[in-house]
1. How high is the relative contact order of the chain, in percent, counting Cα pairs under 8 Å that sit 6 or more residues apart?
2. Starting from the Cα-Cα distance between Ser35 and Asn93, subtract it from 0.36 nm times their residue separation and give me the gain in nm to one decimal.
3. Please identify the trypsin sites (Lys or Arg not before Pro) of the stretch 71-165 that satisfy two criteria: DSSP loop assignment and at most 10 other Cβ atoms within 10 Å. Which are they?
4. Show that you can apply the helix-only estimate: for the chain, add -39,500 (n - 2.57) for every DSSP H stretch of four or more residues, divide by all residues, and state [θ] at 222 nm to the nearest 500.
5. What lysines sit close enough to Lys197 to cross-link, taking a C-alpha to C-alpha distance under 21 Å and skipping anything fewer than 8 places away on the same chain?
6. I'd like the FRET efficiency for Lys136 and Glu252, computed as 1/(1 + (r/R0)^6) with the beta carbon distance as r and R0 of 51 Å, rounded to 0.05.
7. Mind telling me which of Leu210, Leu238, Leu85 comes out most flexible in a GNM of the chain, alpha-carbon contacts under 10 Å?
8. Grab the Cα-Cα distance for Lys294 and Ser154, subtract it from 0.36 nm times how many residues apart they are, and report the gain in nm with one decimal.
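Just so you know, all these numbers are worked out from the coordinates, no wet-lab data involved. Everything quoted here is computed from the prediction, not taken from an experiment. Backbone-built Cβ (ideal geometry, glycine too); neighbour counts: all protein chains shown.
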Amino acid sequence: MKAQNSKQINSLYEREKRKINTQLQNLFKNKKPQSLYSPTSYILKNGGKRIRPMLVLFSAKAVGGSFERVKHAAIAVELLHSFSLVHDDIMDNADKRRNLLTLHKKYDLSTAILAGDSLLSIAYQELLKDLNKNTKSSIEIFTKALIEVCEGQSYDKDFETNNNVSLTDYKLMIKKKTAALTEMCCQLGAILGGGGKEQINSLKLFGRHLGFAFQIRDDLLDITAEENKFGKVLGGDLIEGKKTFLLLKALELAKANDKKFLLKLIKDKGTSTKNVIKYKDIYLRLGILDLAEKEVENNTNRALKQLNYLNNREKEKLIWLADHLLNRKN
């Protein structure tokens, strides 16, 4: 399924993304103390696709609402996402994100933790600006997503010491760590946009399946992207020994020496940069990259199927966004 007005929607997306970036920077402009708000502002300067606020905006529009009604909620979900990235980077001891030093590397650990906490606090402050009769349900789903993101990150951390992680375990982890947030964005946009029960549920499921597709695409890009565009070290998941879809699927299918080499990565909790190409060769031999592409496509199609329940042309924006994510290269 392809959006019919791709050029117009792309222009709209870029325009709204610029507005979101301006709103985010203005939030912390001239705020004191600078020791808190300079680092907080720094993490928001490094751009990104702003997918999550766009899901809020486009979902609201898809049920007959307006961008204006959800503009603060859109900012809130980006702040929540940024909070999770700060803490994720600390737990992974990551050096870079989107080609910039991570917050704890540029400043220090204590500053990064406090800045992350302030992002979460201000996320709630922004959310409250758009709430009306839907206050209770909106706060409930926003908070539920926050809890699930924390649970997902905990599962991800547990996987570092668990040598028997299955694909089922992995899917539970990304359901919480990634899909819970995209699901909430669509559900929140639909609620605040004035959608009916069936519309809200359809968009909720759209966001969930899109989240699965997004994460597996991310796993793929870790080893197939161009490093200068990806903004992270290529093969970083292998170097850190992360149990991704690629690695777990390869473990299911590998035999003999390939299996031993994969199990060594699990045992050693990672590998060296020079071995990344060897693991990529195993993935290619086993057809893992093709299987992951198929998984992305299947989850995207499941997401798009949910849009059949929406009867207006505004769903074109969500179709375009799904396609944009499916075919991204960084």
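1. Once normalised by length, the contact order is 22 percent.
2. Working it through step by step, the gained length comes to 18.7 nm.
3. On the way: sites: Lys71, Lys96, Arg97, Arg98, Lys105, Lys106, Lys129, Lys133, Lys136, Lys144, Lys157; in loops: Arg98, Lys133.
Counting only loop positions with at most 10 other Cβ atoms within 10 Å, the trypsin sites (Lys or Arg not before Pro) in the stretch 71-165 are Lys133.
4. Estimated from H runs of four or more residues: -23500 deg cm²/dmol.
5. Correct list for Lys197: Lys61, Lys133, Lys136, Lys144, Lys305, Lys315, Lys317.
6. Values: r = 44 Å, r/R0 = 0.86.
The pair Lys136/Glu252 has a calculated efficiency of 0.70.
7. Leu85
8. Here the answer is 47.6 nm.
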